[in-house]
Amino acid sequence: MHASAPASNSVQLLYAQHHGWLQAWLGRRLGNAFDAADLAQDTFVRVLTAPESSPEKQRGWQLDEPRAYLTLIAKRLLANLYRRRSLEQAYLEALAQVPAAFSPSPEQRALLLETLQAVDAMLDGLAAPVRQAFLLAQLDGLGYAEIAAQLAVSERTVKRYMAQAMARCILLSAER
């Protein structure tokens, strides 16, 4: 990016020139015009809220490769959408195994799903083995020795993984 016109004018121009293209690009990947429209809007919201586009931070900016930038943001949002849907599907499958008498109310379901998505977001930045160790301990109730055996690592490594996962959860909780 380099300085040019005021940021708000640059974002308006970026939107006018590329919104239709981005929405069509997302529509081809999703096969759903409504989701594509939502993600296209979310992409431009991210552009508007990005620190480098903020008028206080910079007088103005212009993208050298606007479609590459928009595609990068949209791909990240698309991955988040797929991850959320996958998590929701797994939750619904688990819920189907619960007897009707113990099934949570629609409000409880929504809260549980929101909590699961928040935990998923917290764990998203962790390496796969760290995330797996944390989930084995928290969801399956396994001890460090059992986790170590399952992951084929030492107990000391499992302790390190757990410390990393806990630190990330604490850090992200403090930011909220």
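Worth pointing out:
- Surrounding net charge for Asp120, when Lys and Arg each add one and Asp and Glu each subtract one, Cβ distance under 13 Å: +2
- Long-range HN-HN contacts of Val153 with modeled amide H, under 5 Å: none
- Given their separation in residues at 0.36 nm each and the Cα-Cα distance between them, Asp140 and Met166 gain 7.7 nm when the chain is fully extended.
- Among the listed values (i) 107; (ii) 177; (iii) 130, the one computed from these coordinates for volume of the Cα convex hull per residue in Å³ is (ii).
- Cβ crowding within 10 Å ranks Glu88, Glu114 as Glu114, Glu88, fewest other Cβ atoms first.
- As a length-normalised measure over Cα pairs under 8 Å and 6 or more apart, the relative contact order of the chain settles at 19 percent.
- Note on the chain: with charges restricted to the Cβ of Lys and Arg (+1) and Asp and Glu (-1), its dipole about the Cα centre is near 360 debye.
Read the figures in this text as sums done on the coordinates, not as results from a lab. What you see is a predicted model; the values in this text were computed from it and never measured. Please note: Cβ atoms are built from the backbone with ideal geometry, for glycine as well, and neighbour counts cover all protein chains shown.
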